[in-house]
Each structure stands twice: as C-alpha cells, then as structure tokens.
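Encoded as structure tokens, the structure appears first; notes follow it.
The values are calculated or read from the model by the stated rules, or taken from the named source; none is laboratory data. Since this is a predicted model, take the numbers as computed values, not measurements. Note that we place each Cβ from the backbone using ideal geometry, even for glycine, and neighbour counts take in every protein chain shown.
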Amino acid sequence: MKPHSIIFFLGLILICTHSSFAQNTEAKRVLFLGNSVFYHRGGLGPSFEGFCEEAGLDYQAFSQRDTPANTLGIEFLDYGRIPVNLPEMAADDKIHELIRAGNFDFVILEARRESFLIPDDAVFPNRRSQAISYEQNLEALKSLHETIARSGAQTVLYMHPGRHTSPYIKHAIAQIYDRFHTDLEQIEISGKKHDVILVPALLLWLDALTHYGVDGWYVDESHGNALARYASACMLYTYLTGNDPRDNTYNLLTEVTGSWEIIPDKEHIMANREDEGWIKNQVWLYYSTRK
C-alpha cells in the first residue's frame with residue numbers, strides 16, 4: 001500500500017472511531033412521567049443514572065416533579081399521585097409543552113394502576129376507584145405518544161409494578177400493557193409508525209415476589225425497597241441502551257426516607273453479589289427474549 005493510501009486509511013479509522021465515541025458518549029435526556037416509584041431524588045433516577053455512568057454513558061434522568069433537585073417545575077398533584085396518562089392529564093397542554101420544549105431522547109409513560117385497568121366486573125379487592133375503559137386509556141396514550149414522536153423523542157411504556165396485595169391479576173395487567181404496546185406502534189404520525197419500548201417491570205417484580213417474598217422486596221403495599229428500585233433501574237438501563245447489564249459492575253443501592261430523600265449515612269450500601277447476579281440475569285432474560 002502506498003504511503004499516502006496508508007495515511008488516508010488511518011485517518012478514516014480515526015474519523016470513524018471518533019464518530020463512534022461521540023455517539024456513545026453523547027448526553028441523552030430521559031423524562032419519566034410517572035408517580036412515586038420514580039421520584040427524581042430517591043426513586044429510580046439515581047440508580048438508572050448510576051448504571052449509565054458505569055457504562056460510560058451520559059443519560060440524564062428528569063421527572064415532572066416540582067422539587068429543589070429538579071428544576072422542570074411542573075407538578076401534577078392536582079390529579080393525585082398517579083401515573084400521568086390519564087385522560088384528564090393528557091388533555092392538559094402543560095405536559096405536552098414540557099415534552100416539546102425539553103429536548104428529550106426518551107419519554108417514559110406509565111399506564112394506570114390495576115384498579116383503573118381491570119374492568120369493573122372483575123373481582124378486585126380493595127378497589128380504590130372506578131375502572132376507565134381500555135379505549136379511554138389508549139386515547140390518552142396516543143395523544144402523548146404523538147407529541148413525543150413529533151418532538152423527536154421515543155416513547156417508552158413502563159409497566160407499573162403495582163401493589164403486592166393482588167399478585168394473581170398481574171399477568172392480566174401485563175397483557176393489557178402488551179395490547180397498549182401493539183396498538184401504539186400501529187399509529188401513523190406524519191405518515192410513519194414509531195417503535196415503542198415496553199419495559200416489563202411488573203413481571204420482574206412478580207418474579208422477585210417468588211424469589212424474595214413480600215418483606216424482602218416491598219417497604220409497603222405499593223413501593224419497593226432499595227433492591228426493588230435497583231432492579232427497575234437496571235431494567236430501564238438495559239431496555240434504553242441495549243447493553244447487557246451483566247457486563248455492568250454498578251451495584252449501589254439507594255436507601256431513602258419516607259419522604260424520598262436519600263439517607264446521608266446510607267449512601268454507600270452495595271447489593272451483594274448474589275442479589276446483583278439474580279437481578280441482572282433476570283433482566284437480561286427478559287430483554288434477550290423480547291418480541
């Protein structure tokens with residue numbers, strides 16, 4: 001090979017390498033439109049960012065919560081502490097403006113909790129509200145999905161893990177989410193269909209109930225402990241980046257108070273190797289066998 005050809009070839013390699021590196025290290029903004037399972041300061045956010053940082057990725061987590069640590073400053077407590085793809089929330093233009101103006105790469109949505117998704121004629125203990133039809137929930141999701149797609153971001157549908165008090169209906173809820181996922185991907189926006197990422201955290205938590213029991217996974221009937229939040233963060237990291245979590249050494253657990261503040265003297269608690277291995281293996285099993 002002639003000298004000038006060698007120089008050109010080496011230069012091409014450097015350009016490609018630089019381009020690849022720039023793509024891998026480019027900052028990504030992730031907006032989680034959800035409820036208390038993702039609080040910006042003490043929920044999944046810190047662990048999700050930790051997984052990404054360990055992999056050399058800059059994924060920045062945001063939520064709609066109006067807290068000192070999150071300057072987005074849009075709060076939806078007028079509708080209760082419930083996932084945001086409710087018909088009345090999707091009709092509120094504040095949330096659409098937040099998506100349009102945020103320059104996000106991913107926007108994560110939750111569907112309603114079990115008591116809203118399961119039909120009224122189903123036997124459901126301790127129902128806290130009337131069910132809303134599948135069609136109404138889907139229309140709300142469609143509205144948000146269209147805004148997300150037009151903003152240049154990708155929609156992520158996060159299966160709300162739900163309470164531990166009714167494990168026997170979780171597979172039915174998972175089927176409803178799967179139906180949401182299929183229906184959203186069939187929508188044409190500006191003449192194009194858009195992929196939706198479905199993150200099956202509900203099924204992961206159901207597995208964990210069998211493996212750890214209620215006391216080993218939940219702190220109350222609706223919220224998981226630090227290990228549970230770590231598991232969901234691991235699942236989000238895997239589904240958004242496509243990386244194998246078993247190659248990621250991040251194992252820091254986030255211990256929080258009842259008001260979702262990180263406990264200062266428990267900032268360096270690590271998951272043991274057995275728990276870390278079980279979670280990462282389960283997450284990769286779901287990801288590698290997805291549709």
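Cβ-Cβ distances below 7 Å connect the following pairs, each with a first residue in the stretch 178-197 that is surrounded by 12 or more Cβ atoms within 10 Å (Cβ to Cβ), a second residue that is assigned to a loop (DSSP other than H, G, I, E, B), and a separation of six or more residues or different chains: Phe180/Ala111; His181/Val196; Leu184/Val196; Glu185/Asp195; Glu185/Val196; Lys193/Gln186; Lys193/Ile187.
Anything in the stretch 145-163 that is part of a loop (DSSP other than H, G, I, E, B) and surrounded by 21 or more Cβ atoms within 10 Å (Cβ to Cβ)? List them, or say none.
Listed by number, the residues that qualify are Ala153, Met159, His160, Pro161, Gly162.
Quick one: how many residues across the stretch 51-69 are modelled with pLDDT under 85 and hydroxyl-bearing (Ser, Thr, Tyr)?
Taking the stretch 51-69 and keeping what is modelled with pLDDT under 85, we get 62-69.
Still in the list and also hydroxyl-bearing (Ser, Thr, Tyr): 63, 67.
Within the stretch 51-69, residues that are modelled with pLDDT under 85 and hydroxyl-bearing (Ser, Thr, Tyr) number 2.
Would you pick out the residues in the stretch 173-193 that are at pLDDT below 95 and farther than 17 Å from Leu109 by Cβ? Scanning the stretch 173-193 gives Gln175, Ser190, Gly191.
Looking for something surrounded by 21 or more Cβ atoms within 10 Å (Cβ to Cβ) and under 15 Å from Leu202 (Cα atoms) - is there at least one such residue anywhere in the stretch 239-251? Yes, the stretch 239-251 contains a residue that is surrounded by 21 or more Cβ atoms within 10 Å (Cβ to Cβ) and under 15 Å from Leu202 (Cα atoms). Among residues of the stretch 212-236 being of a type outside the set (S, T, N, Q) and without any contact (Cβ under 8 Å) to a residue 12 or more places away in the chain, the one that is nearest to Gly162 (Cα to Cα) is Asp220.
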